[in-house]
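Beneath this line is the structure, given in structure tokens, with notes to follow.
The values are calculated or read from the model by the stated rules, or taken from the named source; none is laboratory data. Note that the coordinates shown come from a computational prediction; the quantities given were computed from them, not determined experimentally. Glycine also receives a Cβ, built like all others from the backbone with ideal geometry; neighbour counts cover every protein chain displayed.
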Amino acid sequence: MGDRNKQPVILLKVPSSDDFYGSALRRHNLDPIFITPSHFVFKNLKQLQAKLLVPHNYAGIIFASPRCVQAVNEALGKTALPSCWRALHNYSLGKNTHSAAWITFQNLPTLGDHAVNANNLCDLIVETFGPKRDLPLLMPCGNGVGQTLRLRLVAQGFRVDACEVYESRSHPDFVNQMRHALKFKRMETIVFFGPSSVRSSLEFFGNYNVSLKDRKLIAVGSGTRKAMEESGIQADGVVNAADVDHLINIIKT
């Protein structure tokens, strides 16, 4: 598991061949060890399908993540998204989600490609929606995904129909990979990516009596930091997802 002559860094995220974290860390004499913390399971797709087929009951749809786009596509099966959705107030959180919706639903227009978090998107919705808020916004979401946005929108007077359509579960290989890293003392620095990585790790730490003392624990994103705090885990640093230089600086200091 990695180069023994370099400082190991556990990255709790799905590995990919073009992952810029791995290449950047290796250039700084660090040994990135990717461990996938969770996988996703779709649910309630029949309920979501029923909602998608009645666009006249909604003011628009909010995609909080690319996986929400995937869930809508799964719910529709082989049918296209009803064309009436195109004229409604449709939003997506971030560039990746915006692109996923555009490609998956034949150029479905959404606003929000420049939003970097739920607060940004909420502000955008308030600015662009208009005063009439009689109909709800449909928001497919996952467990732990979309809660902040929903609460902020409700506080602003919006109606939100949040439909939980997927949930994260610990990846089948997660425990064995973490045990291997622990056994060979490769777990001194851990980088958490997303609330699901916190949930999976918390269960592992408890089951195997892992002390977090003298380990460097880093959160990527404010949502991850919040999940760590709520779980009683103190983050030694918080970085934005795109700021790998800041991450490397925290690891090395």
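Listing for the model above:
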{"quantity": "Scope the stretch 66-84; condition under 23 Å from GLN147 (Cα atoms) and crowded, with 19+ Cβ neighbours inside 10 Å; matching residues", "calculated": "ARG67, CYS68, VAL69, ALA71, VAL72, ALA75"}
{"quantity": "Residues that are of a type in the set (A, V, I, L, M), under 15 Å from the mean Cα position of the chain (by Cα) and not in a strand (DSSP E or B), drawn from the stretch 126-182", "calculated": "LEU149"}
{"quantity": "Those residues of the stretch 7-41 which are part of a loop (DSSP other than H, G, I, E, B) and modelled with pLDDT of 90 or more, in sequence order", "calculated": "LYS13, HIS28, ASN29, ILE35, THR36, PRO37"}
{"quantity": "Which listed residue is within 15 Å of ALA59 (Cα to Cα), loosely packed, with under 14 Cβ neighbours inside 10 Å and either of a type outside the set (D, E, K, R) or outside the structural domain of LEU25 (by TED's automatic domain parsing) (or both), from VAL126, VAL154, VAL160", "calculated": "VAL154"}
{"quantity": "Residue under evaluation PHE63, criteria (1) surrounded by fewer than 20 Cβ atoms within 10 Å (Cβ to Cβ); (2) assigned by TED's automatic domain parsing to the domain that holds ARG150, criterion not met", "calculated": "(1)"}
{"quantity": "Test: residue in the stretch 112-120 that is at pLDDT 95 or above and among the hydrophobic types (A, V, I, L, M, F, W, C)", "calculated": "no"}
{"quantity": "Hits in the stretch 211-253 - residues which are among the acidic types (Asp, Glu) and in a helix (DSSP H, G or I)", "calculated": "GLU229, GLU230, ASP245"}
